[in-house]
Amino acid sequence: MRLFAALQLSEDMKSALADTAAELAKLGKGRFTRTENLHLTLAFIGETPASDAAVEALGGLDAACFEMTLSGAGHFENLLWAGIAPNPALESLAAKTFSLLQEAGFALEEREFIPHITLVRDYKPFEGEIPQFAPAETCMTVTHVSLMKSEQIGGKLTYTEIFSKALLP
Ligand code: 2AM
């Protein structure tokens, strides 16, 4: 199965992101993330049969709850994303998640962690350049890290949480 470790987003944050996506949909087309699928990836595991090992690795996370704020936006070519305000707790959580998974034997890509929430892939503006956009600054408390399974169900990309690790209060 295809797995990744992610943060689930609050309803308020998803709603702010959905508003931004709706604005972008007026200005161009692309493969928009369904609102229920909006998430922040901490580490991408990829195709693996070893879900138990991933559960065990994330079970070893030892980190406290923290706040994060939606802020700013950017793009990787035609993938448009919303950003998170600079956040050492988030960076540290991503680094710990990465190390635990690596120690458990998963071969992860060594790419720089740029916290982002993908809004749309293959975006093509109807006219001109990619427009400026930025979701409303919205804050939430992160209380869990989720192990997510990604699959196509009935032609829809579907993410299912298969394990959730609570962060310390
Ligand atoms: P993205 O949103 O920037 O595309 C599930 O596919 C999640 O894992 C997505 O959020 C995706 O990031 C992320 N991811 C990270 N590395 C990936 C990779 N090599 N292939 C596919 N998805 C990846």
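Just so you know, all these numbers are worked out from the coordinates, no wet-lab data involved. Nothing here was measured: the structure is a model prediction, and the numbers come from that model. Virtual Cβ from ideal backbone geometry, glycine too; neighbours counted across all protein chains shown.
Observations
- Backbone geometry of region 106-114 corresponds, through the Karplus equation with coefficients 6.51, -1.76 and 1.60 at θ = phi - 60°, to 3J(HN,Hα) couplings of 7, 8, 9, 6, 7, 10, 4, 7, 10 Hz, x marking Gly and Pro.
- Karplus (6.51, -1.76, 1.60) ³J(HN,Hα), θ = phi - 60°, over region 75-80, in Hz, Gly and Pro reported as x: 8, 9, 6, 9, 9, 9
- For residue 119, residues with placed amide H under 5 Å, excluding near neighbours: 80, 81, 82
- Helix axis angle, 11-27 relative to the chain longest principal axis, alpha carbon, degrees: 40
- By the beta-carbon count within 10 Å of each Cβ, the least crowded to most crowded order of 124, 14, fewest first, is 124, 14.
- Applying a DSSP loop filter and a limit of 10 other Cβ atoms within 10 Å to the trypsin sites (Lys or Arg not before Pro) in region 97-169 leaves 111.
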